[in-house]
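All remarks here apply to the structure that follows.
The values are calculated or read from the model by the stated rules, or taken from the named source; none is laboratory data. Since we're looking at a predicted model, the values are computed, not measured. Neighbour counts are summed over all protein chains in view; Cβ atoms, including those assigned to glycine, are modelled from backbone coordinates with ideal geometry. With ligands, DNA and RNA removed, areas are computed over all heavy atoms of the protein, side chains included. Shrake-Rupley method; radii C 1.70, N 1.55, O 1.52, S 1.80 Å.
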Amino acid sequence: MLKPDLCCASVQDIPFADLWRQKYHGLIFDLDNTLTPWHQYQENQNLFRWMQSLLAQGFRICLLSNSAYGKVAPVGEWLGIPVVCGGKKPRKDGYRRALALLDMPANHCVMIGDQLLTDVLGAKRMGIYTVFVSRLNEKEHWGTKHLSRPLERWIKRTW
């Protein structure tokens with residue numbers, strides 16, 4: 001449940017064409033330290049163009065974040081994609097809401113995130129394919145930094 005289906009250095013390294021061929025047409029992205037550095041939500045034209053290229057390829061995309069609506073919703077607006085805020089990952093409810101927004105079954109979706117204990121575990125519990133990426137920045141929530149990351153390092157050694 002904690003081992004991702006695929007590990008990549010960054011979101012740009014994900015083989016999206018391969019995922020499409022394997023019938024994964026829905027993409028659920030974590031935001032903090034996956035698409036943007038933690039709590040840095042200013043508009044980014046490179047991210048916008050990249051996201052638009054994925055949409056042009058036919059992918060349905062949404063953001064799933066544990067952060068509050070006021071922080072995450074503006075990012076979804078300028079990227080042109082729906083968001084699920086306050087997702088409470090790894091609980092299933094946020095994933096259910098994301099799947100409903102995408103209007104796709106779990107076995108056709110991919111969760112892309114930087115945390116094993118939230119992004120990967122929650123998606124695996126729902127039967128969603130998982131892609132684990134390296135975090136963008138060392139700066140993050142204290143609980144993640146001091147509790148989750150040390151546990152993640154231990155888990156990775158058991159792979």
> Which whole-number percent gives the relative contact order of the chain, counting Cα pairs below 8 Å spaced six or more residues apart?
Replying inline: 32 percent
>> For the chain, what does the helix formula give at 222 nm: sum of -39500 (n - 2.57) over DSSP H segments with n ≥ 4, over the residue count, nearest 500 deg cm²/dmol?
In response: -10000 deg cm²/dmol
>> Taking 0.36 nm per residue of sequence separation and subtracting the Cα-Cα distance, how much length would be gained by fully extending the chain between TRP20 and GLU77, in nm to one decimal?
In response: 18.1 nm
> Using the Cβ atoms and a cut-off under 15 Å, what net charge is assigned to the surroundings of CYS8, where Lys and Arg are +1 and Asp and Glu are -1?
Replying inline: -3
> From the residues ALA9, PHE132, LEU55, which one has its Cα farthest along the dipole of the chain in the positive direction, the dipole being from +1 and -1 charges on Cβ of Lys/Arg and Asp/Glu about the Cα centre?
Replying inline: PHE132
> Of the heavy-atom accessible surface of region 1-131 (probe 1.4 angstrom), what whole percent is carbon and sulfur?
Replying inline: 51 percent
> What fraction, in whole percent, of alpha-carbon pairs in region 95-159 exceed 20 Å separation?
Replying inline: 33 percent
>> Let's test this: bin the Cα-Cα distances of region 5-82 at 10 Å from zero up to the farthest pair and state each bin's percent.
In response: 16, 55, 27, 2
> Which order do peptides 24-37, 47-60, 83-96 fall in by mean Cβ count within 10 Å, highest first?
Replying inline: 24-37, 83-96, 47-60
>> Assuming 0.36 nm per residue, please report the length gained on full extension of the stretch CYS8 to ARG157 beyond their Cα-Cα distance.
In response: 52.0 nm
> With point charges of +1 on the Cβ of Lys and Arg and -1 on the Cβ of Asp and Glu, referenced to the Cα centre of region 28-131, which listed residue (ASN44, ILE28, MET104) lies farthest in the positive direction of the dipole?
Replying inline: MET104
>> Please give the Cα centre distance for region 8-44 versus region 48-111, rounded to the nearest Å.
In response: 10 Å
> Of the lysine pairs in the chain, how many meet both conditions: Cα atoms under 13 Å apart, and a spacing of 8 or more in sequence or different chains?
Replying inline: 4
>> Could you report the chain's accessible area per residue, 1.4 Å probe, as an integer in Å²?
In response: 50 Å²
> Rg to Rh ratio, region 18-156, alpha-carbon atoms and Kirkwood radius?
Replying inline: 0.94
>> Could you give the length gained by full extension between ASN46 and LYS139, i.e. 0.36 nm per residue of separation minus their alpha carbon distance, to one decimal place?
In response: 31.3 nm
